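Values in this text are rule-based calculations from the coordinates and carry no lab data. This structure is a prediction, so every number in the text was calculated from the model and none was measured. Using ideal geometry, Cβ is built from the backbone for each residue, glycine included, and neighbour counts are taken over all protein chains shown.
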Amino acid sequence: MLGNFRIRMLVVIVIAALVGLSMQSEHSSKKIVEPVIGYVMKDYGVQENIARYWSKLNVKQNTETVPVSNPTTLQLPCDFADIEREYGWYWNEESKQQEFFPAVLIKVEDNSEVKPIYEGRVADISSDESGITVLIDHGGSLYSSYGGLREVLVEKGNEADQDTIIGRTSLELYFQMTSKDGPLNPNKLFQQ
């Protein structure tokens with residue numbers, strides 16, 4: 001009965017649709033389907049195989065350019081030694097799964113001066129265990145974030161041009177750009 005490829009493919013599609021519907025519903029079948037899917041994904045290495053296949057495809061990351069309303073060009077936030085992690089999808093060896101990194105993590109010399117990539121206003125200053133983060137509002141829903149700072153030389157609400165030193169680094173700088181649509185790919189900025 002299931003000898004025909006089209007029939008087998010149809011059965012697989014129907015089963016996948018039923019599993020998907022079951023997972024989205026609050027029906028009691030979700031309690032049965034969810035552990036089975038978890039078991040298959042983990043013990044049969046499905047997620048790892050998909051990630052390996054995906055990386056072999058060498059899919060290009062979104063390289064959309066950053067909109068700027070002024071002819072002034074973007075500058076690097078500071079001199080850097082190396083890129084530790086680029087923006088985009090990567091395979092996390094600890095969690096054994098594909099993860100998305102929405103920024104660029106760069107190695108810098110200790111106490112490097114950090115300047116905004118473009119003029120703007122200091123929208124926020126926050127801190128956590130990795131250091132201090134300064135958020136710059138460039139207008140037009142474009143923001144840049146500078147994390148891992150050890151010292152901040154600006155205050156919230158200050159205007160900052162491209163010559164303003166906003167802070168000094170430790171050994172790494174976390175740099176992220178966002179718009180109203182979410183994170184932007186800044187990799188090209190660091191390939192100068």
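In whole Hz and in residue order, list the ³J(HN,Hα) couplings for segment 158-166 that follow from phi through the Karplus curve 6.51 cos²θ - 1.76 cosθ + 1.60, θ = phi - 60°; x for Gly and Pro.
5, 7, 9, 9, 6, 9, 6, 8, 8
State, in angstrom, two size descriptors of segment 82-191 derived from its alpha carbons: Rg to one decimal place and Dmax to the nearest whole number.
So, for segment 82-191, Rg and Dmax equal 14.0, 43 Å respectively.
Between TYR87 and residues 5 or more places away or on another chain, which pairs have amide H atoms under 5 Å apart, with H built 1.01 Å from N, and which residues are they?
Amide H neighbours of TYR87, under 5 Å, 5+ apart: ASN187.
What value does segment 112-154 have for Rg/Rh, both radii from Cα atoms and Rh as Kirkwood defines it?
0.95
Once amide H atoms are built 1.01 Å from N in the peptide plane, which residues 5 or more positions from GLN162, or in another chain, come under 5 Å H to H?
It is GLU119, by chain and number.
Please give the peptides 84-93, 6-15 ranked by average Cβ packing (other Cβ atoms within 10 Å per residue), highest first, as a rough proxy for protection.
By packing density, highest mean first, the sequence is 84-93, 6-15.
Under a Cβ-only charge scheme (Lys and Arg +1, Asp and Glu -1), can you give me the dipole magnitude of segment 82-191 about the Cα centre, in debye to the nearest 20?
The dipole magnitude comes to about 240 debye.
Explain nothing, just compute: Karplus ³J(HN,Hα) = 6.51 cos²θ - 1.76 cosθ + 1.60, θ = phi - 60°, for every residue of segment 179-188 in order, whole Hz, x for Gly and Pro.
Once θ is set to phi - 60°, the couplings for segment 179-188 become 10, 5, 8, x, x, 10, 7, x, 4, 5 Hz.
Tell me, how many Å apart are the Cα centres for segment 126-152 and for segment 163-188?
Centre-to-centre distance over Cα atoms comes out at 7 Å.
Reachable aspartates and glutamates from LYS188, Cα under 20 Å, same-chain residues fewer than 8 places away excluded?
Cα-Cα hits under 20 Å: GLU64, ASP79, ASP82, GLU84, GLU86, GLU119, GLU172.
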